[in-house]
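A quick write-up on the structure given underneath.
The values are calculated or read from the model by the stated rules, or taken from the named source; none is laboratory data. Since this is a predicted model, take the numbers as computed values, not measurements. Here the Cβ positions follow ideal geometry from the backbone for every residue, glycine too, while neighbour counts run over all protein chains shown.
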Amino acid sequence: MKLQLLSDLHLETEDFDPEPAPGAELLVLLGDIDSGWDALARFRGWPVPVLVVAGNHEFDQRDVDATWPALRQRCDDLGLTLLERERRVLTDAQGSRIRFVATVRWCDFDLFGEPGRATAMRAASYYMRVMGSTRHGAPFDPAAVREEALDCRAWLAAELAQRGDWDRTVALTHFAPSLRSADPRYGAQPGTASFCNADDELLPYASTWLHGHLHCRHDYQVPHAHGATRVVCNARGHGRKGEAEGYDPLRLFDV
Ligand SMILES: [Fe+2]
Ligand SMILES: [Fe+2]
């Protein structure tokens, strides 16, 4: 299936006009599109189906649990399909059935194992405060994020292990599944655990894994016993920081 992949457009501050990619059968939005949700309206009437996975910024200044039904309603109203801890099987132009499994997959801060967890959580706390999200009336702090992340991880592992009536599997997450997706500008440091999870052992269950959150582009293969998994990030990021240089929003990915 040929799909167009957009994430991290950050239209709450960025000046960017998304356009449909010629030849795409599907558009996948992988989060941080607009923290205010207004710009989701730009995808109303899109010529192909649109799958939406939330990013962390869709929760800015909001209660996490209250966000889900509201964001789902917003997407429904615009004709977009929000997926969270859900599977969708779609048939492409060649008749292949592709299983999409989707979750925000928040960060669990175990990227560097248990010994690195406390440092990673400390490194995240400032950004969590800036996000201003809450859950159960308390700040959505690194401990709360980790709890949610582990729920996502458990769902993802169980879902990926399922067998069914599909030809291949594409994982959709906002956060990255591997340290290999670290932003080369920052490398491996405690803060990287706020961006990548150590989900490498889940990669072989998907033929392709699409993610966002890192404001850079990736397209790499991870070999394993059954072949290889392709990992792709096509985030735009912030133009004022030079992150959008070389970005191709019309690029098609064959999954
Ligand atoms: Fe982002
Ligand atoms: Fe993000």
Conditions (1) in a loop (DSSP other than H, G, I, E, B); (2) more than 20 Å from L29 (Cβ to Cβ); (3) among the small types (G, A, S) -> G237 fails only (2)
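Hey, can you tell me all the residues within the stretch 126-153 that are of a type outside the set (D, E, K, R), surrounded by fewer than 18 Cβ atoms within 10 Å (Cβ to Cβ) and either at pLDDT 95 or above or closer than 23 Å to W68 by Cα (or both)?
Taking the stretch 126-153 and keeping what is of a type outside the set (D, E, K, R), we get 126-128, 130-134, 136-140, 142-145, 149-150, 152.
Those left that are additionally surrounded by fewer than 18 Cβ atoms within 10 Å (Cβ to Cβ): 126-127, 130, 132, 136-139, 143, 150.
Within the stretch 126-153, Y127, V130, G132, H136, G137, A138, P139, A143, L150 qualify.
Here is a yes/no grid of residues against (1) closer than 16 Å to D32 by Cβ; (2) in contact with a Lys or Arg (Cβ under 7 Å, 6 or more places away or on another chain):
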| site | (1), (2) |
| --- | --- |
| R217 | yes, no |
| Y220 | no, yes |
| A228 | no, no |
| R236 | yes, no |
| R240 | yes, no |
| A244 | yes, yes |
| V255 | no, no |
H218 fails exactly one of (1) under 19 Å from A54 (Cα atoms); (2) surrounded by fewer than 22 Cβ atoms within 10 Å (Cβ to Cβ); (3) in contact with a Cys (Cβ under 9 Å, 6 or more places away or on another chain), namely (1)
Residue pairs within 7 Å by beta carbon, gap of at least six or interchain, first lying in the stretch 234-253 and under 19 Å from N56 (Cβ atoms) and within 16 Å of ligand 2 (Cβ to nearest atom), second modelled with pLDDT of 95 or more and among the aromatic types (F, W, Y), listed first then second, are R236/F16; R236/Y247
Being at pLDDT 95 or above, out of contact with any Asp or Glu (no Cβ under 8 Å at 6 or more places or on another chain) and closer than 21 Å to L29 by Cβ narrows L156, L214, L203, L210 down to just L210
Counting only residues in the stretch 2-35 that are among the polar types (S, T, N, Q) and either within 16 Å of ligand 1 (Cβ to nearest atom) or in a loop (DSSP other than H, G, I, E, B) (or both), the one farthest from L80 (Cα to Cα) is identified as T13
* Asked: Are any of the residues in the stretch 173-185 within 16 Å of ligand 1 (Cβ to nearest atom), touching a residue at least 40 places away in the same chain (Cβ under 8 Å), under 22 Å from L83 (Cα atoms) and aliphatic (A, V, I, L, M)?
  -> yes
Problem - Verdict on L82 being surrounded by 16 or more Cβ atoms within 10 Å (Cβ to Cβ), touching a residue at least 24 places away in the same chain (Cβ under 8 Å) and away from ligand 1 (no atom under 14 Å from the Cβ) - result: yes
H238 vs. criteria of a type outside the set (V, I, T), more than 16 Å from ligand 1 (Cβ to nearest atom) and surrounded by fewer than 16 Cβ atoms within 10 Å (Cβ to Cβ):
no
Residue hits (the stretch 36-86; closer than 19 Å to P139 by Cα and either away from ligand 2 (no atom under 16 Å from the Cβ) or not in a loop (DSSP other than H, G, I, E, B) (or both)) are N56, H57, E58, F59, D63, V64, D65, A66, T67, W68
